[in-house]
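Enquirer: Let me begin by handing over the structure; questions about it come next.
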Amino acid sequence: MAETIAIEEIFNDENLNEMYTKVVAEPNHFKHKKGFIKCSECGEEILMIPTLRKMNEAIENHVKIHKESGGPNFFLKQNTAIHVRLDLVHQVLQEAADSFRLF
């Protein structure tokens, strides 16, 4: 598992909780699994975090797992890491764009 911000950490920090509610929870209230992106390679769900720096950390932590577990082929590991990173970033941007369409 990637070292991402735990849900408890968001709800214990008043500012993060408020930001999470505005940016992730409210715009996605109609979705079954709101506020998560899913890795296309391994299926792990990653909590969306409403600050760009923290979201980038969560993505890079997950990409690191794929780099370390990709076997002995360096180029295959790099290709997988790039694919995972781009896919996760695309999902974050798509979620952000979808939330603005609601307003």
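Read-outs: derived from the displayed coordinates by stated rules, not from any lab. Predicted model only: the values in this text are computed from it and were never measured. All Cβ positions, even for glycine, are placed from backbone atoms using ideal geometry, and neighbour counts span all protein chains on display.
Enquirer: If you plug each phi of region 55-72 into the Karplus form 6.51 cos²θ - 1.76 cosθ + 1.60 with θ = phi - 60°, what whole-Hz ³J(HN,Hα) values come out, in order, with x for Gly and Pro?
Expert: Values per residue, Gly and Pro as x: 5, 4, 4, 5, 5, 5, 5, 6, 4, 4, 4, 5, 5, 7, 10, x, x, x Hz.
Enquirer: Label residue 90 and residue 64 with points 7 Å out from Cα along Cα→Cβ: what is the distance between them in nm?
Expert: 2.5 nm
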